[in-house]
Amino acid sequence: MSKKPLPISTICAWKTRIDPTPDYQRPPAWSRKQKQLLIDSILREYDIPKMYWRSVSRDDGVKYEVIDGQQRLRTIWEYQAGEFALAKNIDPVNGIACAGKKYADLDLDISTIFDAYPVDVVIVDDAIQTDEEDEVRDMFLRLQNGTTLKAQEKRNAMPGQMRDFIKDVASHKFFENCKFTNSRFAFDHIAAQMVRLEMAGEPTSVRDGDLNKMYDGNRDFDPIGKVAKKVRRVLDYLLRAFPDKTPELERYNAIVLYCLSSTLIGSYAHSGTEEALAKWFIEFETERRKNETLDEEERDPQLIEYRRLTSQSTDSEESIRARLEFIERRFFLAYPDIEPLDETRIFTPEQRLAIYRKNDGHCQLKIKCNGERLAWADWHADHIVAHSNGGKTVVSNGQVACGPCNLVKSNKPDPNGATAS
Ligand SMILES: [Zn+2]
């Protein structure tokens, strides 16, 4: 690292060499008043906080990424470009009136103070290795502690595989069909809450502190492991259920619908239930909204209670558990015929032998092969009706499959969207 004072004139001349928004930076957020205050401080030659830049060698020369100081930098550039004026009520500087003035209107003595003002810039040396990228993010995180950075923006600056996985999950198309937008990284935030709920396997608190711990404690999270796969399956299911923009999908709904869908996928013959879920959900929301317009004595108190749960400490375990129980009860009452999956998923050795003899060891799928006879050490027991479709783990629902055919069948969702096994 090297620290040097750079005059504002240089900082302005270098504008094209400076990238104020690398991916670990926060979006612009300063108000006009904050901007005016910064320029006022500069003209009065008060100290302003140091900036941190990172130098990066690119094909067209050395560039700088701003680790900290983005708002200050933008403000300086904007003022110099005449994009805003000083506040109208400020005192003169060195006896010279500046109130309400843009850069070009300043007295030459004053604009010279601005141009020559030395900004302390700490330059972090060119970091080529990705380890160092993490270090830069770590530093950014430390610098931002105690400021107004929102919690999810902070988490996006935390290095590790959990952060990368959640960023990836947040780009799932399902989120685009919800009512909320991705402002302040709402998609990342909700995705993180979903991942935490999936890891817990039951309602749990998903407050910022819990999410921070999850990011920190899962830096080596496996992005193709069991939890990761389940999260993607649930979101794929939700996207099939809600293929278009659905204004009823608000933040608090998305979370409990995720939990309900995760239960359906994990324990019920869920294939083909997407439409039922979407239909039920939209009817439920319509009824709930209508209920609120009724006279007080006509309202359904249960729906009022649900509404209360969605508006107070929505990220607490108690609220999520109560909301989930509420919608689960209503959903299963509306669709009483949804069958639980056969709990047994794996054929016993006795069943396997019976299946092998039944088919005389020949692959029954014949997708990749011509039904060749397989050695005892080299075959798979396949569910004819997929387990996720409610197929039972019984000999009559088992068949011999070769590895390549079985793989094709497992990877190809059937028309109802289930995965074979
Ligand atoms: Zn085969």
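Scan Val121, Val56, Val62, Val93 and give me the residue that is in contact with a strand residue (DSSP E or B) (Cβ under 8 Å, 6 or more places away or on another chain) and at pLDDT 90 or above. Step by step, each of Val121, Val56, Val62, Val93 is checked, and only Val121 is in contact with a strand residue (DSSP E or B) (Cβ under 8 Å, 6 or more places away or on another chain) and at pLDDT 90 or above.
When segment 159-197 is filtered for residues that are outside any helix (DSSP H, G or I) and under 19 Å from Pro247 (Cα atoms), the ones remaining, listed by number, are Ser171, His172, Asn177, Cys178, Lys179, Phe180, Thr181, Asn182. Pull up segment 386-420, narrow it to residues that are closer than 17 Å to Arg233 by Cα, away from the ligand (no atom under 13 Å from the Cβ) and among the polar types (S, T, N, Q), then point me to the one that is modelled with the lowest pLDDT. My answer is Thr419. Do we have any residue at all in segment 334-350 that's in contact with a Gly (Cβ under 9 Å, 6 or more places away or on another chain), surrounded by fewer than 12 Cβ atoms within 10 Å (Cβ to Cβ) and either of a type in the set (Asp, Glu) or in contact (Cβ under 8 Å) with a residue 40 or more places away in the chain (or both)? Within segment 334-350, one or more residues are in contact with a Gly (Cβ under 9 Å, 6 or more places away or on another chain), surrounded by fewer than 12 Cβ atoms within 10 Å (Cβ to Cβ) and either of a type in the set (Asp, Glu) or in contact (Cβ under 8 Å) with a residue 40 or more places away in the chain (or both). Being over 24 Å from Glu317 (Cβ atoms) and touching a Pro at 6+ places or on another chain (Cβ under 8 Å) is the requirement here; does Ala278 meet it? In short, no.
Being under 38 Å from the mean Cα position of the chain (by Cα) and either modelled with pLDDT of 95 or more or surrounded by fewer than 17 Cβ atoms within 10 Å (Cβ to Cβ) (or both) is a property that Asp378 lacks. When Phe221 is tested against (1) in a helix (DSSP H, G or I); (2) touching a residue at least 60 places away in the same chain (Cβ under 8 Å), exactly one condition is not met: (1).
Cβ separations smaller than 6 Å between residues 6+ apart or across chains give the following pairs from segment 364-389 residues that are under 18 Å from Ala354 (Cα atoms) and not assigned by TED's automatic domain parsing to the domain that holds Ser261 to residues that are of a type in the set (Ser, Thr, Tyr) and more than 8 Å from the ligand (Cβ to nearest atom): His383/Ser421.
When the residues of segment 357-371 are filtered to those that are more than 9 Å from the ligand (Cβ to nearest atom) and either closer than 14 Å to Ile384 by Cβ or hydroxyl-bearing (Ser, Thr, Tyr) (or both), the one that is surrounded by the fewest Cβ atoms within 10 Å (Cβ to Cβ) is Lys358. Identification of helices (runs of 4 or more DSSP H) wholly contained in segment 265-367 with 1 or more residues that are touching a strand residue (DSSP E or B) at 6+ places or on another chain (Cβ under 9 Å) yields 349-358.
I want to confirm something. Restricting to segment 333-356 and keeping residues that are more than 16 Å from the ligand (Cβ to nearest atom) and more than 36 Å from the chain's Cα centre (by Cα), which single residue is farthest from Pro404 (Cα to Cα)? Ranking the qualifying residues of segment 333-356, first place goes to Glu350. Taken over segment 368-409, the criterion of being closer than 28 Å to Asp337 by Cα, of a type outside the set (A, V, I, L, M, F, W, C) and in a loop (DSSP other than H, G, I, E, B) is satisfied by Gly390, Gly391, Lys392, Thr393.
Selection of helices (runs of 4 or more DSSP H) fully inside segment 28-122 by the criterion of at least 2 residues being over 25 Å from Asn156 (Cβ atoms) and without any contact (Cβ under 8 Å) to a residue 40 or more places away in the chain returns 32-43, 108-116.
The values are calculated or read from the model by the stated rules, or taken from the named source; none is laboratory data. Predicted, not measured: the structure shown is a model, and the values here were computed from it. Neighbour counts are summed over all protein chains in view; Cβ atoms, including those assigned to glycine, are modelled from backbone coordinates with ideal geometry.
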